[in-house]
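Trainee: Handing you this structure, nothing more for now.
The values are calculated or read from the model by the stated rules, or taken from the named source; none is laboratory data. All values reported here derive from a predicted model rather than from experimental measurement. Positions of Cβ are generated from backbone atoms using ideal geometry, with glycine treated the same way; all protein chains shown enter the neighbour counts.
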Amino acid sequence: MMVKVKDGKVTRVEGNPSHPFTQGRLCAKTNHYEERVNHAERVLYPMRRVGPKGAGAFERISWQDALSEISTRWRGIIAEHGPTAILPYSYLGTQGLVNGLTVGDPFFNKLGATVSERTFCDSAACTAYIMTVGPTPGMDPESFQYSKLIILWACNMLSTNAHMWPFVEKAQRNGAKVIVIDPVRTKGAQLADQHIRIKPGTDAALALAMMNVIVNENLVDQDYVDKYTVGYEELKAHVQRYTPEFAAEETGVDAQVIRTLAREYAATQPAAIRIGVGIERSAGGGQLVRALTSLPALVGAWRKTGGGILQLPLWAFPINWAGLHRADLTPPGTRVINQWHLGRALTGELPLDKPVQSLFVYNSNPVVVAPDQAALLKGLSRDDLFTVVSEHFITDTARYADLLLPATTQAEQVDLMFSWGHFYMTHNAQSVEPMGEAVSNSELFRRLAKAMDFDDPFFYRDDEQIMQDSMLWDNPAMAGITMETLRATGYMRLTMPAPEAYAPHAEGNFPTPSGKVELKASMAAGGNFVLPVFRQGSNDHQDGSPVDALPTYHARHESATKTPELAAKFPLSMMSPKSHAFINSNYPNIKRQFAHQGEQFVMISPGDAAQRGIGQNAVVKVHNARGAFTAVARVTDDAMPGVVVAPLGYWVDKTRSHATPAALNPTAFADLGRAPTFSDNLVEVSLA
Amino acid sequence: MTHVVTANCDQCRFTECVTVCPVACFRGDGTRLYIEPDLCVDCGACVPICPVHAIVDSFDLLPDQEVWLETNRTQAKLLPNVRERSTPLATAAQRQAALGY
């Protein structure tokens, strides 16, 4: 992103035409980032709550008073209850190695606060992927242009990964077949050669039936399997139960379509799979990714450029995670609370050795993104809970803050970025001075360290030093990349083969314990786990529940077969995918993005709508036993029969009934990595 | 919501826009272009590249430009895809100057 500045003010932002991946484009979310930076409702000064919790009434105070109040309250809480009575809550509302995911970890680890387990995105997928192929970058997204067959599996690319689309489209123009597997008829599905509509949460049955066809019809690349995989014979026996007919019953996809898919996938090399974040959000989401990550090895897709699977480019970046988290500072055995359980943790419904007395929120708006909205609002309303929120705006969560702290936007701070979508490092230059008294997260934690009398100089490093410390510069992928070169160009591709030559596993070399693709995963023996990167570096109190060593189908938690009584009452399946114009809960308060996204809506198929007397644009209530929200009905074939789609991100205070899809979302975990199960959710829709 | 091609494209048809559109959502005839609103992803890449500032985010349409929303939608459904750049119309330079760009 290039930021235009005039008289110290951000006037415009543009894509960078020289960037090989983004090619001058931004997206519907960030095209007018200046409107966020300059927004009249920015929180620009520290504030103290003056009305009841949730009312959103605040008065301006000084930074000194804010910090002094925090340190006094926290010292009191620590003295009385111990430091684990303090819970940090954050994710990726701000990005970057300096100010993003890990910025508060050293501080809270040193403080001895409860470890926050942040399994927002891709935690199940990451656990599954690491178990199968290890932390390999996998496919280069730019290499998709050389693919002959592309499967976009649960990936709404044109809304959430739009910069990758031109590489897919180039392959398509060169004759590749593009297949979208998604319950929703997304824009990508409309542009694909084939759209396979699948019942939410049943994809693993499809993937395993593909394996069944591949192993039984001798479509396997036996040489690749023999040399570079372990567990093939056991897998072959294991997938016999997953016939196309079985999968057809589960998924709603015709058995012949499944056979053809498997045959084409095996025969058309190089074949590429791109999975989206939503793929993991049902009971069996983790094992689904185990199956999908196993598929390329079975057919030898890794042999050529343009073949394999892309989960997250994250693994390509040699990041000094240990130095960013500083889990070595955590008192051994410190308790861990998963962020999806925040509501129950605050209300006391979650069994805890001691209650949470203070909540510190930054880079996140849990009221909108976490499930169990009603419990969360009840918990946040507790008078005895000392809540501090660092934010750009008075969000639904910030309304409940005792103290509200002003945070800078990406334009007002410096940072170094790895990428979730490509293989380039980016230098986030500071474009303008911080607005008002806003501070970057790194500065916030320097101030907090001082307020808590931390004496370790580590906590007082400037941003330049944090950037220097955040990467493993002597890693081969960083050869030739320095802060100076990054500053000069804004971005640099990691030092690795060019997209046209990148085939990292043409001859095996998987970073797993065996060095091979573990169709039968040796890491399953240790039980279920969340990668330490999603839990402040901690490896204590891991889930540990049993994990199938072979990719296995787990039916949804909520379905007509498993929970017939629930399904009789709530017959529709709800998904709450990412919105086109928002990034999670970011931007619904910006008029432009709200106009593009439209009022909170739910997509429902014409048949399901007619059955309920719901007309186009009718106001409806979406409900289940956990809660309800009101939305405008979009009656459309884009939603498949039996499935309703309610994009997330809307702020509670901007909706008709002060509730969003989070009010209905379950707190149950997926089978791996404690991922959420938001697509495993039965609801009913009726006229409001 | 979508982006739309407004009046400035008339007599110009520069077609720089089609080279940057990631979803090939431009449609047109011999006189001008339109955007297929059901495909446009609002990436905005075409906005700065148009020499006569013809392409506008629907959010930014002035009241007298609102008509282009429906015109784009209707025409895009009828006309063929335009994805290759072509020579601007003979009147383009004159029109560009008249528009002050």
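Trainee: Can you name every residue in the range A:186-213 that is over 24 Å from the mean Cα position of the chain (by Cα), away from chain B (no Cβ under 14 Å) and buried (at least 22 other Cβ atoms within 10 Å of the Cβ)?
Mentor: Within the range A:186-213, A:Leu208, A:Ala209, A:Met210, A:Met211, A:Asn212, A:Val213 qualify.
Trainee: Another one. Tell me whether the range A:55-66 contains one or more residues that are more than 20 Å from A:Ala438 (Cα to Cα), within 14 Å of another protein chain (Cβ to nearest Cβ) and either touching a residue at least 40 places away in the same chain (Cβ under 8 Å) or in contact with a helix residue (DSSP H, G or I) (Cβ under 9 Å, 6 or more places away or on another chain) (or both).
Mentor: Kept after step one, since they are more than 20 Å from A:Ala438 (Cα to Cα), are these residues of the range A:55-66: A:55.
Adding the requirement that they be within 14 Å of another protein chain (Cβ to nearest Cβ) leaves none.
Among the residues of the range A:55-66, not one is more than 20 Å from A:Ala438 (Cα to Cα), within 14 Å of another protein chain (Cβ to nearest Cβ) and either touching a residue at least 40 places away in the same chain (Cβ under 8 Å) or in contact with a helix residue (DSSP H, G or I) (Cβ under 9 Å, 6 or more places away or on another chain) (or both), which makes the answer no.
Trainee: Can you find even one residue in the range B:18-38 that is at the interface with another protein chain (Cβ under 9 Å from one of its Cβ atoms), assigned to a loop (DSSP other than H, G, I, E, B) and of a type in the set (A, V, I, L, M, F, W, C)?
Mentor: Pass one, the range B:18-38, residues at the interface with another protein chain (Cβ under 9 Å from one of its Cβ atoms): B:20, B:22-24, B:38.
Among the residues that remain, those that are also assigned to a loop (DSSP other than H, G, I, E, B) are: B:22-24, B:38.
The next check asks that each one be of a type in the set (A, V, I, L, M, F, W, C); those that pass are B:23-24.
Yes, that holds for at least one residue.
Trainee: Also, quick follow-up: Among (1) modelled with pLDDT under 95; (2) over 17 Å from the mean Cα position of the chain (by Cα), which single condition is A:Cys121 missing?
Mentor: Unmet for A:Cys121, out of (1) modelled with pLDDT under 95; (2) over 17 Å from the mean Cα position of the chain (by Cα): (2).
Trainee: Any chance the range B:2-11 includes a residue that's in contact with a Ser or Thr (Cβ under 8 Å, 6 or more places away or on another chain) and within 12 Å of chain A (Cβ to nearest Cβ)? Before you say what the answer is, go through the steps one by one.
Mentor: Of the range B:2-11, the ones in contact with a Ser or Thr (Cβ under 8 Å, 6 or more places away or on another chain) are B:2-4, B:10-11.
Now restrict to residues that are within 12 Å of chain A (Cβ to nearest Cβ): B:2-3.
The answer is yes, given that some residue of the range B:2-11 is in contact with a Ser or Thr (Cβ under 8 Å, 6 or more places away or on another chain) and within 12 Å of chain A (Cβ to nearest Cβ).
Trainee: Also, I was wondering about something else. Which one of the conditions (1) more than 13 Å from every other protein chain (Cβ to nearest Cβ); (2) farther than 12 Å from B:Thr15 by Cα does B:Leu69 fail to meet, given that it meets all the rest?
Mentor: Unmet condition: (1).
Trainee: Sticking with this structure for a sec: When the residues of the range A:440-474 are filtered to those that are part of a loop (DSSP other than H, G, I, E, B) and touching a Ser or Thr at 6+ places or on another chain (Cβ under 9 Å), which remaining residue is surrounded by the most Cβ atoms within 10 Å (Cβ to Cβ)? Spell out how you get there, then give the answer.
Mentor: At the first step, the residues of the range A:440-474 found to be part of a loop (DSSP other than H, G, I, E, B) are A:440, A:452-456, A:461-462, A:472-474.
If we keep only those that are touching a Ser or Thr at 6+ places or on another chain (Cβ under 9 Å) too, we end up with A:440, A:452-453, A:461-462, A:473.
Numbers: A:Ser440: 24, A:Met452: 17, A:Asp453: 8, A:Arg461: 16, A:Asp462: 13, A:Trp473: 15.
The extreme case among them is A:Ser440.
Trainee: Another question about this same structure. Determine which member of the set A:Val178, A:Val215 is free of Cβ contacts under 8 Å to residues at least 40 places away in the same chain and either aliphatic (A, V, I, L, M) or in a helix (DSSP H, G or I) (or both).
Mentor: Working: A:Val215 fails: free of Cβ contacts under 8 Å to residues at least 40 places away in the same chain.
Matching residue, one of A:Val178, A:Val215: A:Val178.
Trainee: Also, quick follow-up: Filter the range A:527-569 down to the residues that are of a type in the set (Lys, Arg) and assigned to a loop (DSSP other than H, G, I, E, B), then identify the one that is nearest to A:Leu111 (Cα to Cα).
Mentor: Looking only at the range A:527-569, we keep the residues that are of a type in the set (Lys, Arg), and these are A:535, A:556, A:562, A:569.
Next, only the ones that are assigned to a loop (DSSP other than H, G, I, E, B) stay: A:535, A:556, A:562.
On the way: A:Arg535: 15, A:Arg556: 39, A:Lys562: 44 Å.
It comes out as A:Arg535.
Trainee: Anything in the range A:143-181 that is over 12 Å from A:Arg274 (Cα atoms) and under 22 Å from the mean Cα position of the chain (by Cα)? List them, or say none.
Mentor: Within the range A:143-181, A:Leu158, A:Ser159, A:Thr160, A:Ala162, A:His163 qualify.
Trainee: Only one of A:Gly76, A:Gly82, A:Gly24 is of a type outside the set (Val, Ile, Thr) and under 30 Å from B:Pro48 (Cα atoms). Can you tell me which? Outline the logic, then answer.
Mentor: Numbers: A:Gly76 fails: under 30 Å from B:Pro48 (Cα atoms); A:Gly82 fails: under 30 Å from B:Pro48 (Cα atoms).
Unique residue meeting the criteria: A:Gly24.
Trainee: So, one more: From A:Ser545, A:Ser573, A:Ser559, which residue is under 22 Å from the mean Cα position of the chain (by Cα) and modelled with pLDDT of 95 or more? Show your work before the answer.
Mentor: Numbers: A:Ser545 fails: under 22 Å from the mean Cα position of the chain (by Cα); A:Ser559 fails: under 22 Å from the mean Cα position of the chain (by Cα).
Exactly one of A:Ser545, A:Ser573, A:Ser559 is under 22 Å from the mean Cα position of the chain (by Cα) and modelled with pLDDT of 95 or more, namely A:Ser573.
Trainee: Still on this structure, I have one more. Has the range A:493-500 got at least one residue that is among the small types (Gly, Ala, Ser) and surrounded by 16 or more Cβ atoms within 10 Å (Cβ to Cβ)?
Mentor: Of all residues in the range A:493-500, those among the small types (Gly, Ala, Ser) come to A:498.
Next, only the ones that are surrounded by 16 or more Cβ atoms within 10 Å (Cβ to Cβ) stay: none.
There is no residue in the range A:493-500 that is among the small types (Gly, Ala, Ser) and surrounded by 16 or more Cβ atoms within 10 Å (Cβ to Cβ).
Trainee: Looking at A:Ala503, is it closer than 25 Å to A:Gly673 by Cα and aliphatic (A, V, I, L, M)?
Mentor: On the way: closer than 25 Å to A:Gly673 by Cα: no; aliphatic (A, V, I, L, M): yes.
No.
Trainee: Quick test of your reading of the structure: A:Val620 fulfils all but one of (1) outside any loop (DSSP other than H, G, I, E, B); (2) surrounded by fewer than 20 Cβ atoms within 10 Å (Cβ to Cβ). Name the failing condition by number.
Mentor: (2)
Trainee: Report yes if some residue within the range A:615-629 is at positive phi and touching a Lys or Arg at 6+ places or on another chain (Cβ under 8 Å); otherwise report no.
Mentor: yes
Trainee: When the residues of the range A:584-602 are filtered to those that are assigned to a strand (DSSP E or B) and more than 14 Å from chain B (Cβ to nearest Cβ), which remaining residue is nearest to A:Arg42 (Cα to Cα)?
Mentor: Initial filter on the range A:584-602 (assigned to a strand (DSSP E or B)): A:586, A:601-602.
From the residues that got through so far, the ones that are more than 14 Å from chain B (Cβ to nearest Cβ) too are A:586, A:602.
On the way: A:Asn586: 13, A:Val602: 30 Å.
Going through the qualifying residues, I end up with A:Asn586.
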